[in-house]
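Novice: Sending over a structure as structure tokens; questions will come in a sec.
The values are calculated or read from the model by the stated rules, or taken from the named source; none is laboratory data. This is a predicted model, so every value here is computed, not measured. Positions of Cβ are backbone-derived with ideal geometry, glycine not excepted, and every protein chain shown enters the neighbour counts. Only protein heavy atoms, including side chains, enter the accessible area calculation; ligands, DNA and RNA are left aside. Shrake-Rupley method; radii C 1.70, N 1.55, O 1.52, S 1.80 Å.
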Amino acid sequence: MSRDVAIVAFAQSDHRRHTDDLSEVEMVMPVLHDVQRQTGLKASDIGFTCSGSSDYLAGRAFSFTMALDGVGAWPPISESHVETDGAWALYEAWVKLLTGEADTALVYSYGKSSPGSVRDVLTRQLDPYYLAPLWPDSVALAALQAQALVDAGDTDEPALAAIAARSREDARTNPHAQLPGARPQGAYAVQPLRTGDCPPIGDGAAAVILAVGDRARELCERPAWIRGMDHRIEAHSLGVRDLTDSPSTRLAAERAGAFERPVDTAEIHAPFTSQEVVLKKALGLDTGVTINPSGGALAANPVMAAGLIRLGEAAARIHRGESDRALAHATSGPCLQQNLVAVLEGEPRA
Amino acid sequence: MTVTEPPEALRAPLVVEFPFTRSLGPVQSAFLTGLRERTVLGVRTEAGAVLVPPVEYDPATAAELRELVEVAATGTVTTWAWNPEPRPGQPLSTPFAWVLVRLDGADTALLHALDAPGPDAVRTGLRVRIRWAAERAGAITDIACFEPYESTAGNETTAHDGRFEDPVTGIVAPARLDYTYSPGRAQTRYLQGLAERRTVGERCPSCAKVYVPPRGACPTCGVATTDRVEVGPRGTVTTFCIVNIKAKNLDIEVPYVYAHIALDGAGLALHGRIAGIPYDQVRMGLRVEPVWSEDGRYPDHYRPTGEPDADYDTYKELL
Ligand SMILES: [Zn+2]
């Protein structure tokens, strides 16, 4: 049995440096209500719910259980959670719908980075024997990758600055972006990366609704059909990998069918300018492709939601008729360790 | 219902500390024990490559790897990044370069810090050597850092059986993360109420249930709760347990009673300790009231009010 699954609604919060006035559920709830309103679905109408988040950001165990209060979980719902970016929650929901166990799914994710120091927090995801005791932070690891790219002749500082400028200029039309518009490249955070090459630290949430076949057509005028989706991982040890390439992204894209026909839009999850260089190469994106028209992670990077937002932004462009075939990418882990690629299509227009 | 200006968000420091104790497999044990003895070991794959730091399974083929070899303490920088502001826990407290170093004899690179006067003194291809920590315990930090060292690159390795006296079989990986906790709108109001010795819940506009403590959402309806409702101070024990194990750092004699208490007007029970009555006389339906300690910001415990017990039907939905 083959079932067509589509993203039929997408919503996100305004991404902000601090949200002290909001608990996680208070931040998530308006976003959940937004996708429910777009589709007319209530919690009790939804077949499966899956979320993504991380306890390390909040510093509290089982923090997702409190955010779940925003869903409306009574009568009992079918629910799951991934301790990573919500893009992987979407993958789980997609599989659930493909199996025929549900016809609709709600996927949401959120991250509040403001309570802690996200650079330090992310060191705790590293190999605990050889890396974590050294506390190499996320910017430092991205900078090692950037220098490898510079040494390989794949980029230079002006080219990285141009990526930063393009992203933040594009974010001017994104009302949710944290950093819309020009921003100085600034001093070196960790050389060769300047502050402008790094993503903003902020809090935010996102949600999408998935539906199958005719149900999707009822809920959305132009559903964004998921034509393929795949995720792959690379060796944990950075010193084993060629940091200038991302074979896992390329393989995931191939398995998702990304190379069968050209895409017109690519929402790629590159928190650092240098990572866009790696991903463009891995995905073979040429000048005919609109890359991150939302501004991407350089304009808003709520950790654990930024990948799901790439899928949502790509789908929303199809919903609006601005794209016919889009690629969406999400990443997790240091230096693009884990990568997910989805291919989304709208039905041909008359 | 009272409508007031949204309160200033509360904030408080929150420290999460955890000492993870981890056991080592045969390869990691040999590698980390070797560092203690100023010996760097790698592991050879079936294809002949030498991985440093070594792993127990080939990242390419998943084959089990056990063939250890000793490599040099000198090597070549394969990529680097200048860190102008070291962060807590990092290997050096003065500005340094993060480096990936391929040690002579190895085919992969090790991440560590390089002590150098400035970024101009660092480049890919720089020759370096290990600076050993004065005191070594069998951990990656036994390498204090790398330092520039002009020498000729080699690729000699020698076989090593991985055996040392008194091998290290585990590590303790301490971690501390500092947060600033802010509880959000609903819980801020709840905590401010407690400071005035009042218990304030929030009512769901959809199902009318009153949540104490409020979290800002009705988990049943999935909507925001915004109407503030003062509940209690008296309440009813809905269920309880008798605690016979003395908790560390808790100055309460056992046995004592921990109970679910439905405060009058609340739509669900919160929990608290019952005192002022022998532990074996606590019962479902017992009417209780809070006892605030002198400087406490929440009730220290609940005690019987002396009222007749509540009828089961009045609290059966709150069990
Ligand atoms: Zn309700």
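Novice: Given the conditions (1) open to solvent by 30 Å² or more (accessible area, probe 1.4 Å); (2) away from chain B (no Cβ under 14 Å), and given that A:GLU267 satisfies all but one, which numbered condition is not satisfied?
Specialist: In the conditions (1) open to solvent by 30 Å² or more (accessible area, probe 1.4 Å); (2) away from chain B (no Cβ under 14 Å), A:GLU267 misses (1) alone.
Novice: Go through the stretch B:219-245 and give me each residue that's more than 16 Å from the ligand (Cβ to nearest atom), open to solvent by 50 Å² or more (accessible area, probe 1.4 Å) and out of contact with any Leu (no Cβ under 9 Å at 6 or more places or on another chain).
Specialist: Once the filter is applied, which keeps residues that are more than 16 Å from the ligand (Cβ to nearest atom), open to solvent by 50 Å² or more (accessible area, probe 1.4 Å) and out of contact with any Leu (no Cβ under 9 Å at 6 or more places or on another chain), the stretch B:219-245 yields B:GLU230, B:CYS241, B:ILE242, B:ASN244, B:ILE245.
Novice: Pick from the stretch A:126-155 the residues that are in a helix (DSSP H, G or I), open to solvent by less than 20 Å² (accessible area, probe 1.4 Å) and more than 7 Å from chain B (Cβ to nearest Cβ): which of them is farthest from A:THR331 (Cα to Cα)?
Specialist: Looking at the filtered set, the residue picked out is A:LEU149.
Novice: Going by the conditions given, is B:VAL200 under 31 Å from the mean Cα position of the chain (by Cα), more than 14 Å from every other protein chain (Cβ to nearest Cβ) and either away from the ligand (no atom under 16 Å from the Cβ) or without any contact (Cβ under 8 Å) to a residue 40 or more places away in the chain (or both)?
Specialist: On the way: under 31 Å from the mean Cα position of the chain (by Cα): yes; more than 14 Å from every other protein chain (Cβ to nearest Cβ): yes; either away from the ligand (no atom under 16 Å from the Cβ) or without any contact (Cβ under 8 Å) to a residue 40 or more places away in the chain (or both): yes.
Yes; evaluated as a whole, the condition is true for this residue.
Novice: For B:GLY216, state whether it is facing another protein chain (nearest Cβ under 7 Å), within 16 Å of the ligand (Cβ to nearest atom) and either open to solvent by less than 20 Å² (accessible area, probe 1.4 Å) or not hydrophobic (A, V, I, L, M, F, W, C) (or both). Break it down into steps so the answer makes sense when it comes.
Specialist: Values: facing another protein chain (nearest Cβ under 7 Å): yes; within 16 Å of the ligand (Cβ to nearest atom): yes; either open to solvent by less than 20 Å² (accessible area, probe 1.4 Å) or not hydrophobic (A, V, I, L, M, F, W, C) (or both): yes.
In short, yes.
Novice: Being surrounded by 15 or more Cβ atoms within 10 Å (Cβ to Cβ) and of a type in the set (Lys, Arg) is the filter here, so list the residues in the stretch B:277-302 that pass it.
Specialist: B:ARG287
Novice: If B:LEU111 satisfies all but one of (1) within 12 Å of chain A (Cβ to nearest Cβ); (2) free of Cβ contacts under 8 Å to residues at least 40 places away in the same chain; (3) over 26 Å from B:VAL55 (Cβ atoms), what's the number of the condition it fails?
Specialist: Every condition holds for B:LEU111 apart from (3).
Novice: Collect the residues in the stretch B:219-240 that are within 14 Å of chain A (Cβ to nearest Cβ) and touching a strand residue (DSSP E or B) at 6+ places or on another chain (Cβ under 8 Å), keeping them in residue-number order. Reasoning before the result, please.
Specialist: First pass over the stretch B:219-240, keeping only residues within 14 Å of chain A (Cβ to nearest Cβ): B:219-226.
Those that are within 14 Å of chain A (Cβ to nearest Cβ) and touching a strand residue (DSSP E or B) at 6+ places or on another chain (Cβ under 8 Å): B:VAL223, B:ALA224, B:THR225, B:THR226.
Novice: When the stretch B:44-64 is examined, which residues are found to be among the aliphatic types (A, V, I, L, M) and either open to solvent by 80 Å² or more (accessible area, probe 1.4 Å) or within 15 Å of B:THR157 (Cβ to Cβ) (or both)? Lay out the reasoning, then the answer.
Specialist: Restricting attention to the stretch B:44-64, the residues satisfying the condition of being among the aliphatic types (A, V, I, L, M) are B:47, B:49-52, B:55, B:60, B:62-63.
Passing the criteria: B:ALA47, B:ALA49, B:VAL50, B:LEU51, B:VAL52, B:ALA60.
Novice: Please work out if B:LEU286 is within 30 Å of A:PRO115 (Cα to Cα) and away from the ligand (no atom under 16 Å from the Cβ).
Specialist: Working: within 30 Å of A:PRO115 (Cα to Cα): no; away from the ligand (no atom under 16 Å from the Cβ): yes.
Considered against the rule, which asks whether it is within 30 Å of A:PRO115 (Cα to Cα) and away from the ligand (no atom under 16 Å from the Cβ), B:LEU286 comes out as no.
Novice: Also: Has the stretch A:17-27 got at least one residue that is closer than 23 Å to A:TRP94 by Cβ and within 12 Å of chain B (Cβ to nearest Cβ)?
Specialist: At the first step, the residues of the stretch A:17-27 found to be closer than 23 Å to A:TRP94 by Cβ are none.
No: the stretch A:17-27 contains no residue that is closer than 23 Å to A:TRP94 by Cβ and within 12 Å of chain B (Cβ to nearest Cβ).
Novice: Let me ask something additional. With the condition kept exactly as written, say whether any residue in the stretch B:266-279 is away from every other protein chain (no Cβ under 14 Å) and within 16 Å of the ligand (Cβ to nearest atom). Can you show your working first?
Specialist: Start the filter on the stretch B:266-279 by keeping residues that are away from every other protein chain (no Cβ under 14 Å), which leaves B:266, B:269-279.
Now narrow it down to the ones that are within 16 Å of the ligand (Cβ to nearest atom): B:266.
Within the stretch B:266-279, one or more residues are away from every other protein chain (no Cβ under 14 Å) and within 16 Å of the ligand (Cβ to nearest atom).
Novice: Suppose we keep only residues that are out of contact with any helix residue (DSSP H, G or I) (no Cβ under 6 Å at 6 or more places or on another chain) and of a type in the set (Gly, Ala, Ser) within the stretch A:22-75. Which one would you say is most open to solvent (accessible area, probe 1.4 Å)?
Specialist: A:SER44
Novice: Inspect the stretch B:150-170 for any residue being away from chain A (no Cβ under 13 Å), within 16 Å of the ligand (Cβ to nearest atom), over 28 Å from A:LEU57 (Cα atoms) and buried (at least 20 other Cβ atoms within 10 Å of the Cβ) and give the result as yes or no.
Specialist: Let us first name the residues in the stretch B:150-170 that are away from chain A (no Cβ under 13 Å), namely B:150-167.
Filter again for within 16 Å of the ligand (Cβ to nearest atom), leaving none.
For the stretch B:150-170, residues away from chain A (no Cβ under 13 Å), within 16 Å of the ligand (Cβ to nearest atom), over 28 Å from A:LEU57 (Cα atoms) and buried (at least 20 other Cβ atoms within 10 Å of the Cβ): absent.
Novice: A further question follows. Within the stretch A:301-315, which residues are open to solvent by 10 Å² or more (accessible area, probe 1.4 Å) and under 15 Å from A:ALA171 (Cβ atoms)? First the steps, then the outcome.
Specialist: Filtering the stretch A:301-315 for residues open to solvent by 10 Å² or more (accessible area, probe 1.4 Å) gives A:301, A:303-304, A:313.
Of everything in the stretch A:301-315, those that are open to solvent by 10 Å² or more (accessible area, probe 1.4 Å) and under 15 Å from A:ALA171 (Cβ atoms) turn out to be A:ASN301, A:GLU313.
Novice: Now a separate question. Failed condition for A:THR123, given (1) open to solvent by less than 10 Å² (accessible area, probe 1.4 Å); (2) within 12 Å of chain B (Cβ to nearest Cβ); (3) over 30 Å from B:GLY34 (Cα atoms), with all others met?
Specialist: For A:THR123, the exception is condition (3).
Novice: Yes or no: B:PRO174 in a loop (DSSP other than H, G, I, E, B) and either open to solvent by 30 Å² or more (accessible area, probe 1.4 Å) or among the charged types (D, E, K, R) (or both)? Can you show your working first?
Specialist: Working: in a loop (DSSP other than H, G, I, E, B): no; either open to solvent by 30 Å² or more (accessible area, probe 1.4 Å) or among the charged types (D, E, K, R) (or both): yes.
Taking the combined requirement at face value, the residue does not satisfy it.
Novice: Please verify whether B:LEU103 is within 11 Å of chain A (Cβ to nearest Cβ), in contact (Cβ under 8 Å) with a residue 24 or more places away in the chain, over 20 Å from A:GLN145 (Cβ atoms) and of a type outside the set (S, T, N, Q), treating the condition exactly as stated.
Specialist: yes
Novice: Can you tell me which residue is farthest from B:VAL101 (Cα to Cα) among those in the stretch B:131-149 that are touching a helix residue (DSSP H, G or I) at 6+ places or on another chain (Cβ under 8 Å), open to solvent by 50 Å² or more (accessible area, probe 1.4 Å) and not small (Gly, Ala, Ser)?
Specialist: Of all residues in the stretch B:131-149, those touching a helix residue (DSSP H, G or I) at 6+ places or on another chain (Cβ under 8 Å) come to B:132-133, B:136-143, B:148.
The next check asks that each one be open to solvent by 50 Å² or more (accessible area, probe 1.4 Å); those that pass are B:136-137, B:141, B:148.
From what's left, not small (Gly, Ala, Ser): B:136, B:141, B:148.
Details: B:ARG136: 21, B:THR141: 15, B:PRO148: 11 Å.
Taking the candidates together, the pick is B:ARG136.
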